[in-house]
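The block underneath contains the structure these notes are about, expressed in structure tokens.
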Amino acid sequence: MQPPTFRVLSGGLLLALLGGRAEAQQLAGSFDQLQVLVKVGDAVRVTDSRGQNVRGSIADLSSSSLALTVDGSRRTFLEADVAAIHQRRNDSLANGAKWGFAVGAGLGVLGGLAIVREADGGGAELIPILGLMYGAIGAGAGVGIDAMHASEQVIYGRRGAPSKITLRPILTPGRAGLLASIAIGGRAGRQ
């Protein structure tokens, strides 16, 4: 039979590993919202409505336009001409701490279980201590790894027209059916 501390600790580890992410993706849907996420001088990559990418640093940002400095010259984009904006951002340190703690605590619990098994059931009080100690070491390692990791993230995405599904019954003498019309982002097609 397993000690009660092991069951509590293993249940906590399971919740930590299976728990959903509580991080919010910062994604602006307008240039007004984008002004909260970036400032003049920030390096970004703009994808225009034709799919072309332009890298530069922000020279000016208003509610209707974005000006970039690209290779020493200024290039201005209207909001309607921008499909997406990407920026290199650091990974969340909280995410690294969470996963590092879970892995470290798991290893600590396994080490504690090995000690208890070798001691013929003695030393069960070491299981939560080792779990917490190795969990703290793992959390520190996870934070360190995430501090070194940065990736390019979408910070602005133009919002398209909402998708819409329309169903109409077809009832004629001798015929019954359903006409479906699907509009995805403003484009319509029939099935």
**Message:** If a residue must be in a loop (DSSP other than H, G, I, E, B) and charged (D, E, K, R), how many such residues does segment 27-46 contain?
**Reply:** 2
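Surrounded by fewer than 17 Cβ atoms within 10 Å (Cβ to Cβ), assigned to a helix (DSSP H, G or I), over 30 Å from the mean Cα position of the chain (by Cα) and assigned by TED's automatic domain parsing to the domain that holds residue 27: does that describe residue 94? Working first, answer last.
Numbers: surrounded by fewer than 17 Cβ atoms within 10 Å (Cβ to Cβ): yes; assigned to a helix (DSSP H, G or I): yes; over 30 Å from the mean Cα position of the chain (by Cα): no; assigned by TED's automatic domain parsing to the domain that holds residue 27: yes.
Against the criterion (surrounded by fewer than 17 Cβ atoms within 10 Å (Cβ to Cβ), assigned to a helix (DSSP H, G or I), over 30 Å from the mean Cα position of the chain (by Cα) and assigned by TED's automatic domain parsing to the domain that holds residue 27), residue 94 does not qualify.
Assess whether residue 124 counts as being surrounded by fewer than 16 Cβ atoms within 10 Å (Cβ to Cβ) and either without any contact (Cβ under 8 Å) to a residue 40 or more places away in the chain or outside any helix (DSSP H, G or I) (or both).
Working: surrounded by fewer than 16 Cβ atoms within 10 Å (Cβ to Cβ): no; either without any contact (Cβ under 8 Å) to a residue 40 or more places away in the chain or outside any helix (DSSP H, G or I) (or both): yes.
Spelling it out, it is not the case that residue 124 is surrounded by fewer than 16 Cβ atoms within 10 Å (Cβ to Cβ) and either without any contact (Cβ under 8 Å) to a residue 40 or more places away in the chain or outside any helix (DSSP H, G or I) (or both).
Looking only at segment 99-111, decide whether some residue is assigned by TED's automatic domain parsing to the domain that holds residue 30, part of a helix (DSSP H, G or I), modelled with pLDDT under 90 and surrounded by fewer than 19 Cβ atoms within 10 Å (Cβ to Cβ).
Step one: filter segment 99-111 for residues assigned by TED's automatic domain parsing to the domain that holds residue 30, giving 99-111.
Those left that are additionally part of a helix (DSSP H, G or I): 99-111.
Filter again for modelled with pLDDT under 90, leaving none.
Within segment 99-111, none of the residues are assigned by TED's automatic domain parsing to the domain that holds residue 30, part of a helix (DSSP H, G or I), modelled with pLDDT under 90 and surrounded by fewer than 19 Cβ atoms within 10 Å (Cβ to Cβ).
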**Prompt:** In segment 50-61, what count of residues is obtained for those that are closer than 16 Å to residue 155 by Cα and surrounded by 12 or more Cβ atoms within 10 Å (Cβ to Cβ)?
**Reply:** 6
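The values are calculated or read from the model by the stated rules, or taken from the named source; none is laboratory data. Bear in mind the structure is a predicted one, so any value in this text is a computation, not a measurement. All Cβ positions, even for glycine, are placed from backbone atoms using ideal geometry, and neighbour counts span all protein chains on display.
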